[in-house]
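One structure is given below, encoded as structure tokens.
Read the figures in this text as sums done on the coordinates, not as results from a lab. Keep in mind that this is a model prediction, so the values were computed, not measured. With ideal geometry, Cβ positions are generated from the backbone for all residues, glycine too; neighbour counts draw on all protein chains shown.
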Amino acid sequence: MALTTTEHADSAAGITLENIFESPRGRDLQTCIQCGICAGTCPYGEVMDYPPRRIIGMLRAGMIEEVLASDSLLRCVTCYACMAKCPRGLRLTDVLLPLAKEQAFIRLPEVPAELQKALANTLRYGNPMGESPRKRAAWAAAAGVPVRVLSQDPRPVDVLWFVECYTAFHPRGQDNCRATARVLKALGIDFAILGPEEKCAGECARMAGETGLFETLTDQNLKVLGKYQFNRLVTSGAHAYDAFVHEYPRAGFDHPVEHTTTYFAGRLEALKPLLTKKLNYTVTYHDSCVLGRHNGFYEEPRHLLKAIPGVKLVEMPHNRINSICCGGGGGGMWLDTYYKAKGMERLADRRVREAVATGADVLAVSCPYEVSRFEDSLKVLGYDKKMVVRDVVEILAEALGD
Amino acid sequence: MVPDIVEELEVGPDGKSLDLEFQRPIVSERDEHALEQALLLKERCGGSVTTMALESADVDDVLFTALAKGSDRAVKVAGVETPPTTAEAAALLAPVLRGLLDQKQVDLIVTGCSAIDDLDGLLGPFLAERLGLPYLGIVTGVVVGADSGRATVLKEYAGGVHAEYGIALPAVLGVQAAEKPPRYVPVAKVRAVMKSGKIETVSAAAPDQASLLQVVRMTKPEAAGHAEMIEGSPEEIASKVTDILSARGLL
């Protein structure tokens with residue numbers, strides 16, 4: 001289990017629900033005009049007893065315990081829609097909701113089984129699926145290009161590629177891994193991975209309210225990262241990107257961080273001449289919540305897709321800031337059973353219906369959670385012959401030709 | 001603690017034990033249920049829970065987690081040099097439990113009814129024998145009523161049959177499944193307990209007799225026959241299936 005006893009992320013921020021109005025970012029919550037745009041834009045707003053507007057109202061009225069005792073915060077998939085739309089610019093998803101979710105999580109009479117298993121697995125094995133940590137780099141054997149593992153060859157490296165769990169272990173994530181390795185190789189990038197030493201970055205544990213687990217993972221990852229010299233960290237995980245940019249620096253991490261999509265988009269001129277194979281795909285792109293609404297990367301994946309010969313890009317009605325969450329954030333990845341039992345629609349189903357209606361044959365994504373979530377929805381809804389799901393990097397690798 | 005089957009099990013170089021090089025032992029699932037059943041009883045009837053474990057790698061984390069879940073005391077039996085057999089484990093635990101029983105501090109001793117390295121589930125019976133207490137295994141529920149000297153124990157049999165036993169306390173129970181799945185405890189709580197909580201350590205008594213059983217050889221199961229994959233169009237497959245079934249007199 002290797003639990004450690006250092007504390008940082010929460011104490012560094014120093015904000016708790018009790019003193020939230022004393023911090024500048026928390027004090028802003030006092031200026032909420034209760035307009036309700038947050039509740040209206042929340043994909044699960046209609047099935048929460050306390051959507052964001054009411055949470056703020058209850059907090060101001062000193063009645064937050066009622067909110068924490070409900071399961072509203074378990075229904076929050078931290079999609080950043082409320083925060084992105086708030087006319088007062090209040091810090092809902094990155095300040096208020098994590099604090100509230102942490103307190104709600106501690107008060108849960110019973111953690112839903114699927115989520116409990118994922119969290120326990122993440123603590124023990126460093127990945128939510130409970131796979132052997134020793135197999136974290138198993139995908140590399142079939143990558144077709146050499147992949148350096150730092151524990152075996154610790155020389156300094158330009159790009160430390162933090163692969164992340166769903167990419168490293170899920171069979172479809174592994175396709176993304178192999179594609180990423182091929183594109184990195186084609187660009188002549190000096191890259192290496194941590195392999196079995198890498199642990200889940202922990203963003204979803206934190207956003208599910210399991211802050212202690214997040215801190216343990218942060219400690220473990222920083223200790224390993226501290227052993228090696230590298231210029232930048234590039235990750236395949238959209239949620240890992242978010243954690244490395246916004247949370248890990250509080251614990252002392254100070255390297256530049258990029259997501260594979262933005263990293264490749266930044267090297268588009270070098271990449272373009274390599275994209276020689278014409279792909280006759282009509283593609284619609286799903287904006288990941290964390291890459292899009294939280295970090296503002298809307299155009300980078302679209303630039304990559306448009307650079308691929310033969311690819312026609314069409315948009316869903318809900319795109320960019322209005323994108324509909326796949327339902328996988330904030331622990332939602334492991335709450336499908338709970339949501340189903342509560343009669344809640346699976347958000348990935350809602351999204352896939354819209355994607356199919358564009359007439360596209362490929363649904364392009366940039367977050368490793370989305371591949372399995374959308375593929376499941378396509379099968380459940382009977383659209384799996386009409387549309388396939390591909391990570392943007394997978395499509396890039398396909399266009400590399402031979 | 002038992003081998004974690006997330007890692008592939010390999011036979012060690014001596015040919016009669018597991019290769020533990022890449023093994024991180026994990027708490028046995030049934031023992032987690034035993035602890036949960038004890039915590040549920042404490043919540044319903046009061047009293048206190050003491051979690052006891054033999055020293056092994058990572059066992060401190062398991063004991064701190066038990067404290068964070070609601071166990072009142074954690075006791076580690078230290079000085080255990082090699083992984084003990086089930087009989088040896090009972091011999092190590094019994095003297096410590098004897099001391100607690102003599103002080104009338106124990107009403108119930110619960111353990112997992114089996115483990116992946118003790119499928120016979122002999123730890124409970126061995127302990128009961130050494131302590132001179134009654135034993136019931138494959139337990140799925142415990143009710144303690146007004147008479148605190150007795151408990152009603154739910155025991156599971158094959159084919160969906162359940163039985164209720166009245167049992168005089170103190171007793172030893174082998175728990176198959178607690179009445180509720182084992183609870184989750186937030187890591188922050190475990191970390192807090194690691195700072196404020198305490199694991200009591202007692203020294204293991206010298207073994208009173210050598211194990212009467214010896215492992216002679218350990219091997220992986222040998223593959224016997226293989227499944228036959230029937231290939232072809234759906235019609236061809238259906239026709240081959242009917243041929244096979246008729247050949248065996250099933251059609």
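Considering only B:123, B:131, B:173, the mean-square fluctuation computed in a Gaussian network model of chain B, springs between alpha carbons under 10 angstrom, is largest for B:131. Taking the number of Cβ atoms within 10 Å of each Cβ as an exposure proxy, the fewest-first ranking of B:75, A:380 is A:380, B:75.
For A:339, A:298, B:157, the sequence from fewest to most other C-beta atoms within 10 Å is B:157, A:298, A:339.
Would you calculate, for the protein assembly as shown, the mean residue ellipticity at 222 nm contributed by helices, counting each DSSP H stretch of 4 or more residues as -39,500 (n - 2.57) and dividing by all residues, to the nearest 500? Don't skip to the answer; put the middle values down first.
Details: 26 runs with 244 residues, N = 653.
The helix contribution divided over the protein assembly as shown gives -10500 deg cm²/dmol.
Highest mobility in the GNM of chain B, judged by mean-square fluctuation with C-alpha springs under 10 Å and restricted to B:63, B:100, B:35, is found for B:100.
What pairs from B:69/B:180; A:85/A:117; A:340/A:379; A:199/A:227 go past 25 Å between their alpha carbons? Please list the in-between numbers first.
Numbers: B:69/B:180 14 Å; A:85/A:117 34 Å; A:340/A:379 17 Å; A:199/A:227 15 Å.
Listed pairs above 25 Å: A:85/A:117.
Region A:208-312: which GluC sites (Glu not before Pro) are DSSP loop and have at most 16 other beta-carbon atoms within 10 angstrom? The partial results should precede the final answer.
Numbers: sites: A:210, A:215, A:247, A:258, A:269, A:299; in loops: A:210, A:247.
Here no loop site has a sparse enough neighbourhood.
Here residue A:277 is the anchor, and the lysines within straight C-alpha reach of less than 19 Å, apart from those fewer than 8 places off in the same chain, are A:185, A:306, A:312. Top mean-square fluctuation among A:333, A:387, A:344, Gaussian network model of chain A, C-alpha springs under 10 Å? Result for chain A, Cα springs under 10 Å: A:344 fluctuates most. Each principal axis of the Cα atoms in region A:309-364 has its own extent, and those three values, largest first, are 43, 19, 19 angstrom. Compute the distance in nm between two label points, each set 7 Å from the Cα along the Cα-to-Cβ direction, one at residue B:120 and one at residue A:280. So the label points at residue B:120 and residue A:280 sit 7.0 nm apart.
Per-residue Cβ neighbour counts within 10 Å put B:199, A:395 in the sequence B:199, A:395, beginning with the fewest.
What FRET efficiency, computed as 1/(1 + (r/R0)^6) with R0 = 35 Å and r the Cβ-Cβ distance, is obtained for residue A:30 and residue A:322, rounded to the nearest 0.05? Please report the intermediate quantities before stating the final value.
Working: r = 28 Å, r/R0 = 0.80.
Once rounded, the FRET efficiency stands at 0.80.
Basic side chains Lys and Arg get +1 at the Cβ, acidic Asp and Glu get -1 at the Cβ, and with that the dipole of chain A about its Cα centre reaches some 800 debye.
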